[in-house]
Amino acid sequence: MAFDSAVFWDALFSRSYLNGAFVALSLATLVQFFAIVIGFFLALGRESQKTVLRYFTSAYVWVFRAIPALLILILVWNVLPQLVPTLRSSWFTPYMGALVGLTLLEAALMTEIIRSSLRSVDKGQKLAGKAIGLTPRQIYWHVLIPQMIRVAIPPTGNQYINMIKMTSLASVISLQELLYVAQQNVSRTFSYMEYYSAAAVYYLVIVSVLMVIQARLEKKYMWTSRVAPGNFDVRNIKTWGINNG
């Protein structure tokens, strides 16, 4: 069967495809945001001197790194409501189920990224911060985090891009994201090339834009490269307004 360009262009600019792309992008963005927040605290737990906390966070990372994303989504959508009655309400939509399931998975992956980024900062920086009277919060906010950001941006950006594509797995729980919309159109018309090609164009555009943003962020935080790794002088934090923090 010849490629029907009219069908392709109609799909490409259709409202259903635009809505599907928005669902995928918004879901991936929320998942990545919550995963970074949760992952940061889990990373601190992984480095904690408290054995119970360290074992708990390690077990969390182990479990959710081992279970496939598709299985996590199925468990969250089909099994979790049986255990938590409140999830049987109408507010627990496929979007919410995908948000919960993918966040649980991504938080485990971000934990390891953030933990390795924190470890990349010389331990002497934390000791130096204590020596000049900084509180633990100030040490993390003004000394450690600014230095770990440069290390964390590339893998975090890659995870975000992967999450854009991973939202397509949520079609298994009937989330009407981009791939789901394409599949619905294909099931009606059997125009595989046209509808799937239109979906591919959306993914290409979204990922290309995100790659440009990632590159600019990496360039922005290259200020740390002006100092050799491990030679960051914590005494210079006044330059960044530490006295205002």
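The values are calculated or read from the model by the stated rules, or taken from the named source; none is laboratory data. Because the structure is a prediction, the values reported are computed rather than measured. Cβ atoms come from the backbone with ideal geometry, glycine included; neighbour counts cover every protein chain shown. Accessible surface areas use protein heavy atoms only, side chains included; no ligands, DNA or RNA. Shrake-Rupley method; radii C 1.70, N 1.55, O 1.52, S 1.80 Å.
Considering only residues that are under 17 Å from LEU70 (Cβ atoms) and open to solvent by 20 Å² or more (accessible area, probe 1.4 Å), which ones fall in segment 107-127?
Going residue by residue through segment 107-127, those that are under 17 Å from LEU70 (Cβ atoms) are 108-109.
Across segment 107-127, the qualifying residue is only LEU109.
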Total residues in segment 178-225, condition open to solvent by 70 Å² or more (accessible area, probe 1.4 Å) and outside any helix (DSSP H, G or I): 1
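Restricting to segment 31-73, name every residue that is open to solvent by 60 Å² or more (accessible area, probe 1.4 Å) and farther than 30 Å from LEU144 by Cβ. Let's see the steps before the verdict.
Of all residues in segment 31-73, those open to solvent by 60 Å² or more (accessible area, probe 1.4 Å) come to 33-34, 36-38, 41, 47, 49-56, 62, 65-66, 68, 70-71.
Answer for segment 31-73, where residues must be open to solvent by 60 Å² or more (accessible area, probe 1.4 Å) and farther than 30 Å from LEU144 by Cβ: PRO68, LEU70, LEU71.
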Index of the failed condition, LEU104 passing every other in (1) modelled with pLDDT under 95; (2) open to solvent by 30 Å² or more (accessible area, probe 1.4 Å): (1)
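Is it the case, given these coordinates, that THR156 is under 30 Å from VAL201 (Cβ atoms), in contact (Cβ under 8 Å) with a residue 40 or more places away in the chain, open to solvent by 20 Å² or more (accessible area, probe 1.4 Å) and of a type in the set (Ser, Thr, Tyr)?
Details: under 30 Å from VAL201 (Cβ atoms): yes; in contact (Cβ under 8 Å) with a residue 40 or more places away in the chain: yes; open to solvent by 20 Å² or more (accessible area, probe 1.4 Å): yes; of a type in the set (Ser, Thr, Tyr): yes.
Yes; evaluated as a whole, the condition is true for this residue.
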Residue list for segment 6-30, restricted to those being open to solvent by less than 60 Å² (accessible area, probe 1.4 Å) and over 21 Å from the mean Cα position of the chain (by Cα): ALA6, VAL7, PHE8, ALA11, LEU12, SER14, SER16, TYR17
SER174, sole failed condition from (1) in contact with a Pro (Cβ under 7 Å, 6 or more places away or on another chain); (2) surrounded by 21 or more Cβ atoms within 10 Å (Cβ to Cβ): (2)
Segment 74-92: number of residues that are surrounded by fewer than 14 Cβ atoms within 10 Å (Cβ to Cβ) and β-branched (Val, Ile, Thr): 3
Conditions (1) of a type in the set (Phe, Trp, Tyr); (2) part of a helix (DSSP H, G or I); (3) at pLDDT below 95: number failed by PHE92: (2)
Those residues of segment 4-62 which are assigned to a helix (DSSP H, G or I) and either of a type in the set (Asp, Glu) or in contact with a Cys (Cβ under 7 Å, 6 or more places away or on another chain) (or both), in sequence order: ASP10
Pair list, Cβ under 6 Å, 6 or more apart: segment 187-213 residue among the charged types (D, E, K, R), other residue part of a helix (DSSP H, G or I): GLU194/VAL7; GLU194/PHE8
Residue satisfying all of: in segment 128-148; without any contact (Cβ under 8 Å) to a residue 12 or more places away in the chain and over 21 Å from GLU218 (Cβ atoms); surrounded by the fewest Cβ atoms within 10 Å (Cβ to Cβ) among these: GLY133
